[in-house]
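The values are calculated or read from the model by the stated rules, or taken from the named source; none is laboratory data. Treat the numbers as computed from the prediction; the structure is a model and nothing was measured. Every residue, glycine as well, gets a Cβ built from its backbone with ideal geometry; the counts of neighbours run over all protein chains shown. We work out accessible area using only protein heavy atoms, side chains counted, and drop any ligands, DNA or RNA first. Shrake-Rupley method; radii C 1.70, N 1.55, O 1.52, S 1.80 Å.
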Amino acid sequence: MVPVGVEIKETEVSDEDFEEMKGFVRDYLAASVESEDDGGRMRWYPWHSSSYRFNHILNVVDLATEIAEAEGADVDVVRVAAVFHDVAKLEAEQDVHAEAGARVTREYLQSRGNYPESFIEEVCGAVVDHSYTGDLSAVPLESRCLIEADVLDKVGANGAVLMLLRMGYESRTHMDSAKMVDRVLQRAYDHTDRVVSDTAESIAHQRIKRVKWLREWLEEEVSRMDADGVTDR
């Protein structure tokens with residue numbers, strides 16, 4: 001007999017099921033690029049490739065799961081929404097990719113496994129919500145965990161390296177590296193102002209610290225570097 005007051009979870013996604021979901025998303029992204037002429041929109045930028053997008057998704061899964069566990073959210077909903085959140089990113093326009101991704105997610109969950117409709121609705125709702133740009137206190141907890149994870153992957157050491165890689169594609173020299181790192185810092189500050197959970201704020205501050213260290217090392221080692229940029233807070 002289940003004790004009074006104990007909530008029964010409707011679903012649990014097994015590790016095997018989750019691995020199948022990751023494989024589906026990876027293959028879906030790759031097929032999205034292959035079906036487009038000349039590699040599609042800016043596919044020559046590494047962060048617009050299917051491999052980068054899938055790596056971003058895996059990063060978001062890890063971050064979202066960490067936040068969800070700490071904040072008391074439904075971890076199954078959060079991690080499934082996280083793995084599907086950008087599934088349509090490479091085939092749909094930016095302003096509708098969340099809705100398109102939710103449609104793909106719904107079709108997958110309804111056709112595989114025996115997931116309750118309530119679970120599917122929550123997952124798809126979080127996928128749609130992940131592109132929401134308003135006050136995060138206005139969205140469900142599971143959506144918030146996903147949104148916070150999505151924005152946090154764009155900052156820190158990972159975000160700084162991606163921004164520096166961009167310099168080569170724009171024919172910049174290493175003399176511009178401080179300005180590029182400043183962009184990551186500014187974005188990190190903006191995202192830190194937006195997140196609301198203690199867990200996400202802690203992660204954001206750790207990542208900001210790493211970018212600041214990188215900026216300091218660059219200032220020491222690259223001569224005549226422009227010192228103007230983001231003001232430390």
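Once you've got the Cα coordinates, tell me which of Lys22/Lys209; Lys89/Lys209; Lys89/Lys179; Lys154/Lys179; Lys22/Lys212 are over 23 Å apart. If you can, show how the numbers build up before the last one.
On the way: Lys22/Lys209 31 Å; Lys89/Lys209 30 Å; Lys89/Lys179 28 Å; Lys154/Lys179 16 Å; Lys22/Lys212 33 Å.
Going by Cα-Cα distance, Lys22/Lys209; Lys89/Lys209; Lys89/Lys179; Lys22/Lys212 fall outside the 23 Å limit.
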Query raised in the report: Given Cα pairs under 8 Å that are at least 6 residues apart, what percent is the relative contact order of segment 155-221?
Result: 45 percent
Query raised in the report: In segment 15-132, carbon and sulfur make up what percent of the accessible area (probe 1.4 Å)?
Result: 45 percent
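Roughly what % of Cα-Cα distances in segment 15-132 sit above 20 Å, to the whole percent?
Working: 2680 of 6903 pairs.
Counting every Cα pair in segment 15-132, those more than 20 Å apart make up 39 percent.
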Query raised in the report: For segment 155-221, which whole-number percentage of the solvent-accessible area (1.4 Å probe, protein heavy atoms only) is attributable to carbon and sulfur atoms?
Result: 49 percent
Query raised in the report: Of all GluC sites (Glu not before Pro) in segment 74-167, which ones are in loop regions per DSSP and have a Cβ with at most 16 other Cβ atoms within 10 Å?
Result: Glu93
Query raised in the report: Once the principal axes of the Cα atoms of segment 155-221 are found, what is the range along each, listed largest first in whole angstroms?
Result: 39, 24, 15
Report task. Roll a 1.4 Å probe over the protein heavy atoms and report the accessible area of Asp198 in Å², nearest 10. Result -> 120 Å²
Query - Label-to-label distance, nm, for residues given as Glu20 and Ala157 (7 Å Cα→Cβ offset) - result: 3.6 nm
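May I ask you to give the solvent-accessible area per residue for segment 155-221, in square angstrom, as obtained with a 1.4 angstrom probe?
Values: 3590 Å² over 67 residues.
In whole numbers, segment 155-221 has 54 Å² accessible per residue.
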